[in-house]
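The values are calculated or read from the model by the stated rules, or taken from the named source; none is laboratory data. Remember, it's a predicted structure, so these values are computed and weren't measured experimentally. With ideal geometry, Cβ positions are generated from the backbone for all residues, glycine too; neighbour counts draw on all protein chains shown. Quick note on the areas: whole protein, heavy atoms, side chains included, nothing else; ligands and nucleic acids left out. Shrake-Rupley method; radii C 1.70, N 1.55, O 1.52, S 1.80 Å.
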Amino acid sequence: MPDATSLPNLAGRGIFCNRTLNLRSVRAIGYDMDYTLVDYRVAAFEEMVYAQARERLGSEGWPVETLEFDPRMVTRGLVVDTELGNLVKANRFGFVKRAMHGTRMLEFSEQRDAYAQTLVDLSDPRWVFLNTLFSLSEGCLYAQAVDLLDGGILPRPFEYASLYRHVRARVDAQHLEGHLKAEIAAAPERYVVQDPEAALALLDQKASGKKLLLITNSEWSFTSKMMTHAYDRHLPEGMTWRSLFDAVIVAARKPAFFTERGPFFEVVDEAGLLRPLAGPLRVGGLYLGGSAAQVERDLGISGDEILYVGDHMFGDVHVSKRTLSWRTALVLRELEGEVAALEAYRSTELRIMAMMRDKEAAEAKLSQARLALQRLRAGYGPEPEADAAALEAKAHSLRAHLVALDAEIAPLAKAGTELVNARWGLLTRAGNDKSHLTRQIERYADIYTSRVSNFLHATPFAYFRSPRGSLPHDPGGTGA
């Protein structure tokens, strides 16, 4: 893990740095809303999405009445293999480390047969990256749909790829048609997590002279209700969330907002009445659509003067970094649980590391004994100090020691692969390596953190420094 500026005794709420970032040089901070400025109760939110999508499939004659949402079946960072109907977890190089067909985890031999010569390549449409918390309901429903397809009980034939597109469309419809957000807006206390420190963090940033921008794909009415519910009660008397932002941009159409030059419309009243924008953006304005290029031009800031904070790896972080060279921050809500699990496992990990050092030493001694026996029997090389019987006895003893070590290490190591989630383990790890998700975070997120309010303790003047990268041949490394 990179270094962090962290809260006392709560490392999971640190701000972790991949590329050095001086907040003092940042003139504007843009924020996404959903799962960034406004945090939702994931299980309740995604269960509602799932239920509405399941109802839609049921109306099409699918036998889905007994299906239920399992929030632990799928995690962020998995990849859908639309060719084989699997969900997989890959390491940073694209090698599949775990796989699930339908709702059944594959045995190692099945996984090896399916993926021994296949790398996950996200540029190939075969693979779909589940990179936000919004993906949990989609992944769960698709896995269950694969079971139905394999069982031959769907009302019409599908391939795994067309099945995924069908399920995805039904899930997306819940976001697009307004039923989902209408239900959330009607009962925000059920879905929205209150975080009083987030309001103070934004107040600090604004008072330090930074321009604050809200850039969300949500429409105005939903944005207004969510931000009012999440922020107004935590602001000074008489102040509303609108006062925090130099510009509010709704229905932004990210990622196209970062790459295209769409027109801005001004939202002129609370009902959402629109008129085309005439002239530049003005401070305190409320807008719909538009483009990042015009934001840069009208505010007189660009590139690395802007930090954008969001939860979507592609739509928020990847595109703004690649297209505009904005500085980027990823909100990874699961990070707190991840770090807590790692801390609790630390003593076991140290024990495993000690046993692995013992194992490596024993393996080296066994290799030397085998080589000495080989030379002795073939009659070449320097004369060994021990005879064949002694070398064989030494090799036998070392093999027995290694077997005992493996028996002790195996259950401890297995427990480490099941931290946080018994099926998939840690988000940031894939076996002993970094996960594919972690590789994306390293490439595109300058910093990452679990929630916006963590900026409160970092202050608007923080200097985040990335750690020195290590290599296997560095002194103290474990390279052979």
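Below 18 Å, Cα to Cα, which aspartates and glutamates can LYS414 reach? Residues fewer than 8 away in the same chain don't count.
GLU107, GLU338, GLU343, GLU349, ASP406, ASP433
Is any helix in the chain, taking whole DSSP H runs, at least 15 angstrom long along its axis by alpha carbon and on average at least -1.0 on the Kyte-Doolittle scale, and which ones? Numbers along the way, then the final one.
Values: long enough: 42-59 (26 Å, -0.08); 135-150 (22 Å, 0.51); 160-176 (24 Å, -0.52); 196-207 (17 Å, 0.22); 220-231 (16 Å, -0.33); 335-378 (59 Å, -0.26); 388-417 (42 Å, 0.49).
Span-like helices, by this rule, are 42-59, 135-150, 160-176, 196-207, 220-231, 335-378, 388-417.
Can you order the peptides 381-387, 41-47, 271-277, 421-427 by their average number of other Cβ atoms within 10 Å per residue, highest first?
So the order, starting with the most tightly packed, is 421-427, 41-47, 271-277, 381-387.
Within the stretch 140-243, what whole-number % of the accessible surface is contributed by carbon and sulfur, with the 1.4 Å probe and all protein chains included in the calculation?
Percent of accessible area from carbon and sulfur atoms in the stretch 140-243: 52.
Which lysines does LYS210 reach when only Cα atoms under 27 Å apart count, and residues fewer than 8 places away in its own chain are ignored?
LYS225, LYS254, LYS321
For the stretch 135-238, compute Rg over Rh where Rg is the Cα radius of gyration and Rh is the Kirkwood radius from the inverse mean 1/r over Cα pairs.
Radius of gyration relative to Kirkwood radius: 1.17.
Where the centroid of each part is defined by its Cα atoms, how far is the stretch 408-455 from the stretch 116-155 in Å?
21 Å
Could you work out the relative contact order of the chain? I mean the mean sequence separation of Cα pairs under 8 Å and 6+ apart, divided by the number of residues, in percent.
Relative CO of the chain lands at 26 percent.
Would you mind checking the radius of gyration and Dmax of the stretch 327-440 based on alpha-carbon positions, in Å?
Cα radius of gyration and Dmax of the stretch 327-440 are 21.1, 66 Å respectively.
I'd like to compare 91-98, 221-228: which one has the highest average count of other Cβ atoms within 10 Å, and what's the full order after that?
221-228, 91-98
Once each part is reduced to its C-alpha centroid, what is the distance from the stretch 359-375 to the stretch 227-294 in angstrom?
Spelled out, the Cα-based centre of one part sits 69 Å from the other.
Answer rounded, prolate or oblate for the stretch 1-116, using the Cα gyration tensor with square roots of eigenvalues a ≥ b ≥ c: rounded when a/c is under 1.5, else prolate when a/b is larger than b/c, else oblate.
Judged from the Cα gyration tensor, the stretch 1-116 comes out oblate (a/c at least 1.5, b/c at or above a/b).
Averaged over all directions, how much area does the convex hull of the C-alpha atoms of the stretch 438-477 cover when projected, in nm²? Mind showing how you got there, number by number?
Numbers: hull surface 17.2 nm².
Convex hull of Cα atoms, orientation-averaged projection: 4.3 nm².
Which order do the peptides 199-212, 102-115, 26-39, 449-462 take when ranked by the mean count of other beta-carbon atoms within 10 Å per residue, highest first?
26-39, 449-462, 199-212, 102-115
Accessible area per residue for the chain in Å², computed with a 1.4 Å probe and the full protein assembly in place, what is it? Please list the in-between numbers first.
Values: 22440 Å² over 480 residues.
Value for the chain: 47 Å² per residue.
Using helices alone, I'd like the mean residue ellipticity at 222 nm for the chain: each DSSP H run of four-plus residues gives -39500 (n - 2.57), total over residue count, nearest 500.
Helices in the chain give a 222 nm mean residue ellipticity of -13500 deg cm²/dmol.
Provide the three semi-axes, in whole Å and in decreasing order, of the ellipsoid equivalent to the chain as defined by the square roots of 5 times the Cα gyration tensor eigenvalues.
48, 30, 19
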